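Just below is one structure, and these are the notes that go with it.
The values are calculated or read from the model by the stated rules, or taken from the named source; none is laboratory data. Predicted model, so just to flag it, every value in this text is computed and none were measured. Here the Cβ is made from the backbone with ideal geometry for all residues, glycine too, and neighbour counts use every protein chain on show.
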Amino acid sequence: MSTQETTGQTQSLTLVQAVRDGLYTEMSADEDVIVMGEDVGKNGGVFRATEGLWEQFGDDRVIDTPLAESGIVGTAVGMAAYGLKPVPEIQFSGFMYPAFDQIVSHVARLRNRSRGRFTCPMVIRAPYGGGIRAPEHHSESKEAFYAHEAGLKVVMPSTPYDTKGLLISAIRDPDPVIFLEPKLIYRAFRGDVPEDEYTVPIGEATTRREGSDVSVFTYGAMTRPTMEAVEELAEEGIDAEMIDLRTVSPLDREAIVESFKKTGRAVVVNEAPKTGSLAGEITAIIQEEALLYQEAPVNRVSGFDVPYPLYALEDYYLPNAARITKAITETVEF
Amino acid sequence: MSVLERDPGDLVQVLDEDGAVVGELPDIGDETIVQMYRDMVLARHFDKRAVSLQRQGRMGTYPPLSGQEAAQIGSAHALGDDDWLFPSYREHGASFVRGIPLDQTLLYWMGHEAGNKVPDDVNVFPVAVPIATQTLHATGAAWAASLKGDTDTAMLCYFGDGATSEGDFHEALNFAGVFDTPSVFFCNNNQWAISVPREHQTASETIAQKATAYGFEGVQVDGMDPLAVYKVTREALEKATAAAPPDSGRRPTLIEAVQYRFGAHTTADDPSVYRDAEEVERWQAKDPIPRLESFCRDRGLLDDESIEAIDTDVTDRVAEAIESAESVARPLPEALFESVYETMPDRHHDQLAEIEALRAEHGDEVFFE
Ligand SMILES: Cc1ncc(C[n+]2csc(CCOP(=O)(O)OP(=O)(O)O)c2C)c(N)n1
Ligand SMILES: [Mg+2]
């Protein structure tokens, strides 16, 4: 499929550069792939995730749209049905809602409603999450809305390598994917990313640290404070296993259950408001499939059940290493 | 004849770029004109200081208003006591005129929930960041005023050129037209929606003409001419209230105030990526502040001395507001749970206790390191 030459080289990229590289790679390989959204063209996206793509691929493939999310996603439905592979960007996940009707009523269901006659292979990208002192409505983590909707897949990467590989998988996926990017760590660190195309499969978790005392499940930007907590606890003799889910719909049930059967204890860390979040779903999977292995209640470290606060309060809102450490310790000592 | 009865492309102007009178003056006292000048200078100075606070790390992302003072101050001064204002996020000047203290606006952009609390006696809705959403609220409030027979009340709603692409904008105008709501939709067309130029936002020749499709008047005004802005806004508000001639009835209006944002979209934006310095210079020639200044000097309303006094006063007031905002302590965790519901539910008490336990154990530092 790819027309690109393989180089076998790797580059050291930030997560947001890996987004750009993934888009570039797929746009080079497949001329049906187009990028559309607010300020994605000449401006290269407000986070520079599409930087240089407009110069490279032109107005017809990197499209600055009018300011209308329902317009962006709704037209992308028609484009996808006609044979393009649109990759709409929503500037912040907090601004997905004008498009919510299109996403829920059509993106998620076009295949089902037309009994397979029409499909919606598109990737809706949006930066999500808190911690950057952003204005109101710029920091939410509402992946549960989309995970709740059958017909959608929801991907939330946490490393540059996974970001490129998962984005390529998402673009090639025959079904629509909501691709939520942890903007807190867009530029927090670099990682080796192959220049060539490669994929990371959607729906597969990965183990970031093996351990035997407790399983800690997390994803996206929360992998950072979670790893900090887990490493700190390792020094104190608590051997935690840390699983980065990478995809929150479909969840990797096998990986969750397998790890839990080994440890019998679980902590789930996410920054979404606790009630109705994916943490509850992960807990239910454990109950359904590994009840007899359970030695402690599943502990959820989540955002609180409040509207995401203005930034003076966000450090109280977001799970941090101290909160995660405390939860892990309680779970192990239960 | 009303200034609103014209072709939507026929720009209303009272002052030319040099401040010379080229149109009919609005019915407005000298004192108000000087007050408008003072408020514009204050808005400009506030803006400059706010941008520098952000640069120094003393404030978060901030959306500057420089260049847009006439549209804000001119229209806000046209409001009557019973009228309400529905801002988006850039109208710090207009909000100030309507009674939102400067330190309150600073607090909001400094990330304090307290900055979002509108004083009890002020009829200004909270800042609306999700584009165009407030247009529907304004229509609804106007509709309610009309249903309740409050004939002196009209609603002024601000939004940008980009906002006219959102569905909400069209629904708001459509409802307003169908239900004859006392609404004034005020589009701050500053030529850009972040990096997207006005021409790319809509193929309509003007934004004002969109009103025609909804069955009411649309008018284009020079948004960098405070007197022209005052005049069209006043007439639109009169048309929306009982002050209108009895035969015309209460009707909505769309005002397109043609203007320019001199600075960045927000402090997180770099406009040099998408627009030329020349374009900025062209618009700087229309700067509303020197325009009104020269009008006032010509009429003997201002001289060097009074201008200096205004400058000093404005500088002091902004400095005081900054000091006041910065003296507000970091909010406590309970503020997270305040005002979510009328009564705090049990799970909020539990969650607050979780934070307090952690603070008791480790101190506040674990949250802010
Ligand atoms: C629903 C929604 N989509 C996107 C954004 C991000 N955003 C903030 S301001 C802006 C441009 C707004 O342009 P315009 O309406 O012309 O107002 P201006 O900022 O120029 O005053 C965008 C896209 C948002 N705040 N809300
Ligand atoms: Mg604009």
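Among residues of region B:140-158 being touching a helix residue (DSSP H, G or I) at 6+ places or on another chain (Cβ under 6 Å) and within 29 Å of B:GLY111 (Cα to Cα), the one that is nearest to ligand 1 (Cβ to nearest atom) is B:CYS157.
Residue count for region A:141-154 satisfying the condition of being closer than 23 Å to A:TYR317 by Cα and either at pLDDT below 95 or touching a strand residue (DSSP E or B) at 6+ places or on another chain (Cβ under 7 Å) (or both): 6.
Taking every residue in region B:29-43 that is modelled with pLDDT of 95 or more and pairing it with any residue that is outside any helix (DSSP H, G or I), at least 6 positions away or on another chain, the pairs with Cβ-Cβ distances below 7 Å are B:ASP30/B:LEU301; B:ILE33/B:LEU301; B:VAL34/B:LEU301; B:VAL34/B:LEU302; B:TYR37/B:LEU302; B:ALA43/B:LEU65. Being under 26 Å from B:SER183 (Cα atoms) and within 16 Å of ligand 2 (Cβ to nearest atom) is the requirement here; does B:ARG90 meet it? Taking the combined requirement at face value, the residue satisfies it. Is it the case, given these coordinates, that B:GLU171 is touching a Leu at 6+ places or on another chain (Cβ under 7 Å) and outside any loop (DSSP other than H, G, I, E, B)? So B:GLU171 fits the description; yes. Within region B:174-198, the set of residues being within 27 Å of A:GLY44 (Cα to Cα) and either away from ligand 1 (no atom under 12 Å from the Cβ) or not in a helix (DSSP H, G or I) (or both) comprises B:CYS187, B:ASN188, B:ASN189, B:ASN190, B:GLN191, B:TRP192, B:ALA193, B:ILE194, B:SER195, B:VAL196, B:PRO197. Checked across region B:231-247, the condition of being within 16 Å of ligand 1 (Cβ to nearest atom), in contact with a Leu (Cβ under 7 Å, 6 or more places away or on another chain) and either more than 14 Å from every other protein chain (Cβ to nearest Cβ) or not polar (S, T, N, Q) (or both) holds for no residue.
Annotation note: of B:GLY249, B:GLY263, B:GLY223, B:GLY177, the sole residue that is more than 16 Å from ligand 2 (Cβ to nearest atom) and modelled with pLDDT of 95 or more is B:GLY177. In summary, B:GLU199 fulfils each of the numbered conditions (1) buried (at least 16 other Cβ atoms within 10 Å of the Cβ); (2) modelled with pLDDT of 95 or more; (3) not small (Gly, Ala, Ser) with the single exception of condition (1). Take B:ASP287 and tell me if it is within 15 Å of ligand 1 (Cβ to nearest atom) and buried (at least 18 other Cβ atoms within 10 Å of the Cβ). Answer is no for this residue. What number of residues in region B:322-355 are at the interface with chain A (Cβ under 10 Å from one of its Cβ atoms), outside any loop (DSSP other than H, G, I, E, B) and in contact (Cβ under 8 Å) with a residue 12 or more places away in the chain? Count: 7. Of the residues examined, B:THR139 is one that is in the same structural domain as B:ARG58 (by TED's automatic domain parsing), away from ligand 2 (no atom under 16 Å from the Cβ), among the β-branched types (Val, Ile, Thr) and not in a strand (DSSP E or B). Listed by first and then second residue, the pairs with beta-carbon distance under 6 Å, at least 6 apart or on different chains, first residue in region A:5-30 and at pLDDT 95 or above, second in a helix (DSSP H, G or I) and of a type in the set (Phe, Trp, Tyr), are A:MET27/A:PHE57. Restricting attention to region B:175-187, the residues that are surrounded by 19 or more Cβ atoms within 10 Å (Cβ to Cβ) and either among the aromatic types (Phe, Trp, Tyr) or within 14 Å of chain A (Cβ to nearest Cβ) (or both) total 4. State all residues of region B:116-163 that are in contact (Cβ under 8 Å) with a residue 60 or more places away in the chain and within 13 Å of chain A (Cβ to nearest Cβ); if no residue qualifies, say none. Of everything in region B:116-163, those that are in contact (Cβ under 8 Å) with a residue 60 or more places away in the chain and within 13 Å of chain A (Cβ to nearest Cβ) turn out to be B:PHE159, B:GLY160, B:ALA163.
For region B:34-59, which positions are of a type outside the set (D, E, K, R) and in contact with a Phe, Trp or Tyr (Cβ under 8 Å, 6 or more places away or on another chain)? Passing the criteria: B:MET36, B:LEU42, B:ALA43, B:PHE46, B:ALA50, B:VAL51, B:LEU53, B:GLN54, B:MET59. For region B:205-215, the condition holds for at least one residue, the condition being that it is crowded, with 24+ Cβ neighbours inside 10 Å and within 16 Å of ligand 2 (Cβ to nearest atom). Here the condition is being among the small types (Gly, Ala, Ser) and part of a helix (DSSP H, G or I); of B:ALA163, B:ALA208, B:ALA203, it holds for B:ALA163 alone.
Among residues belonging to region A:108-149 that are in contact with an Asp or Glu (Cβ under 9 Å, 6 or more places away or on another chain) and in a helix (DSSP H, G or I), point out the one that is surrounded by the fewest Cβ atoms within 10 Å (Cβ to Cβ). Out of the qualifying residues, it is A:ARG111.
Listed by position, the helices (runs of 4 or more DSSP H) inside region B:47-118 whose residues that are within 25 Å of B:TRP143 (Cα to Cα) number at least 1 are B:69-78, B:92-97. Within region B:69-115, restricting attention to residues that are within 14 Å of another protein chain (Cβ to nearest Cβ) and within 16 Å of ligand 1 (Cβ to nearest atom), the residue that is farthest from A:ILE132 (Cα to Cα) is B:PRO87.
Candidates A:PRO319, A:PRO307: the one that is surrounded by fewer than 18 Cβ atoms within 10 Å (Cβ to Cβ), modelled with pLDDT of 95 or more, in the same structural domain as A:SER212 (by TED's automatic domain parsing) and within 20 Å of A:ALA221 (Cβ to Cβ) is A:PRO307. Can you find even one residue in region B:203-218 that is within 15 Å of ligand 1 (Cβ to nearest atom) and facing chain A (nearest Cβ under 10 Å)? No, because not a single residue in region B:203-218 is within 15 Å of ligand 1 (Cβ to nearest atom) and facing chain A (nearest Cβ under 10 Å).
Among residues of region A:317-329 that are within 26 Å of B:GLU338 (Cβ to Cβ), those with a beta-carbon under 8 Å from a residue that is part of a loop (DSSP other than H, G, I, E, B) at least six positions away or on a different chain give the pairs A:TYR317/A:GLY130; A:TYR317/A:PHE304; A:TYR317/A:VAL306; A:TYR317/A:TYR308; A:TYR317/A:PRO309; A:LEU318/A:GLY130; A:LEU318/A:GLY131. Restricting attention to region B:177-205, the residues that are touching a strand residue (DSSP E or B) at 6+ places or on another chain (Cβ under 8 Å) and under 30 Å from B:ALA268 (Cβ atoms) add up to 13. Among the residues making up region A:309-334, those that are facing chain B (nearest Cβ under 10 Å) and outside any helix (DSSP H, G or I) are A:PRO309, A:LEU310, A:LEU318, A:ASN320.
Every condition in (1) in contact with an Asp or Glu (Cβ under 6 Å, 6 or more places away or on another chain); (2) hydroxyl-bearing (Ser, Thr, Tyr); (3) more than 14 Å from chain A (Cβ to nearest Cβ) is met by B:SER195 except one, and the failing one is (3).
Annotation: of all residues in region A:280-308 being more than 9 Å from every other protein chain (Cβ to nearest Cβ) and of a type in the set (Val, Ile, Thr), the one that is nearest to the chain's Cα centre (by Cα) is A:ILE282.
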